Amino acid sequence: MMSDIDEKLEPMILSEEEKRYYRALLAWKPSDAEKYTKQEVAPERLVAGQFRVLILGSKGCGKTAILTRVSVYTTELIWNMIPNTFVKFCKGSFTGEGQPPNPEYERGCQHRIEIKDQTYVVDALELAPEHLSEGQYLQHAVAITEAVVMIYDVRSRDSFALIQGLHERIQEALSRDQRQHYALILVGNKADGGGDGKEENYRVVSEGEGYELACNIGYGRTRCAFRETSARTGENVDSLFVLLGTELLKLRRLAQQRQEQAEAEDIAIMRALSEANGYEVDKSPKREAKWRVWTRFRRASEDATRKVAVA
Ligand SMILES: Nc1nc2c(ncn2[C@@H]2O[C@H](COP(=O)(O)OP(=O)(O)OP(=O)(O)O)[C@@H](O)[C@H]2O)c(=O)[nH]1
């Protein structure tokens, strides 16, 4: 049975002019469509790895100015990854020459670096100075990063003293987290002043004191590197992150070697136990690979339990 609507439907009859119009419409292409389809976009280089880095220091030591110097774009990843209370909000402006600190980079930034012809991404996360005194913020920040850049202002003794106390709390967080590797860099920023004769622009912390502190800060098998920088002139700012990345790659390699060694020891123990219990031990590479997977799984679950305990 035909419905009312079906009965009302009539074939659409188009006039010649309407047909020409619709045909033209369907065949239409933007005049520069060729340009869009043929345009060659330079392929982005593949990223070989990523480093997540914590940026710390007293108020006004130049954290944002340093990130502004190196940044290409802010990262939503960092913004979403942490609770809102963890990050600080936009403020302030740069009064010096060169590039002013961009408030967009106050929470952190993403930066690409080249190490041995490979591209790596550095996710830098800035922890607001007001959260430094609260242990849980620092502990969380350490737990989600694998390196820290500790910045002080060479013109402020207080900012230097803050780092002296801070590194102890970082080490405490690291030992609670049982971290195998964590890279440290101490940075004396604003190493560009004094030329204008203004007393407040002269350094009060010498380069030697910076080196000495860096030597004392080293954590376990990890050394603490040291650099003086100027976010105003850009001196040493870019190389800072390359240095950090190189150090992290070294630490990751060492961690992997240690893991392989520990796995080999686990397997040797399992074999010895099996033999002691009179089982025939299958020494084929296939069996060894299975054991390796098993030990990895066991270590990963231990790691997860530890992470939950830290959180
Ligand atoms: N001369 C000189 N001034 C700098 C340098 N880096 C930063 N400044 C100055 O220090 C001020 C603070 O810089 P910021 O980058 O905002 O410092 P911050 O550590 O992010 O400060 P908070 O966000 O308050 O913790 C800026 O207004 C600059 O004038 C530097 O390398 N040389």
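The values are calculated or read from the model by the stated rules, or taken from the named source; none is laboratory data. Owing to the predicted nature of the structure, the values given are computational and were not obtained by experimental measurement. Cβ atoms come from the backbone with ideal geometry, glycine included; neighbour counts cover every protein chain shown. Only protein heavy atoms, including side chains, enter the accessible area calculation; ligands, DNA and RNA are left aside. Shrake-Rupley method; radii C 1.70, N 1.55, O 1.52, S 1.80 Å.
For G278, the conditions (1) on the phi > 0 side of the Ramachandran plot; (2) touching a helix residue (DSSP H, G or I) at 6+ places or on another chain (Cβ under 6 Å) are fulfilled apart from (2).
Number of residues in the stretch 256-274 that are loosely packed, with under 14 Cβ neighbours inside 10 Å and in contact (Cβ under 8 Å) with a residue 12 or more places away in the chain equals 2.
L251 meets all of the listed conditions (1) over 30 Å from R223 (Cβ atoms); (2) open to solvent by less than 70 Å² (accessible area, probe 1.4 Å) but one, namely (1). Among the strands (runs of 3 or more DSSP E) confined to the stretch 117-203, the ones with at least 1 residues that are more than 16 Å from the ligand (Cβ to nearest atom), under 20 Å from T68 (Cα atoms) and among the small types (G, A, S) are located at 147-153.
Filtered by the rule that a residue be in a helix (DSSP H, G or I), among the β-branched types (V, I, T) and open to solvent by 40 Å² or more (accessible area, probe 1.4 Å), the stretch 226-247 gives V242, T246. Note on the stretch 248-288: residues that are assigned to a helix (DSSP H, G or I) and more than 41 Å from the chain's Cα centre (by Cα) total 5.
Among the candidates E172, E207, E146, the residue that is out of contact with any strand residue (DSSP E or B) (no Cβ under 7 Å at 6 or more places or on another chain) and of a type in the set (D, E, K, R) is uniquely E172. Taking the criterion of being modelled with pLDDT of 90 or more, surrounded by 13 or more Cβ atoms within 10 Å (Cβ to Cβ) and away from the ligand (no atom under 16 Å from the Cβ), the residues of the stretch 204-225 that qualify are E209, Y211, L213, A214, A225.
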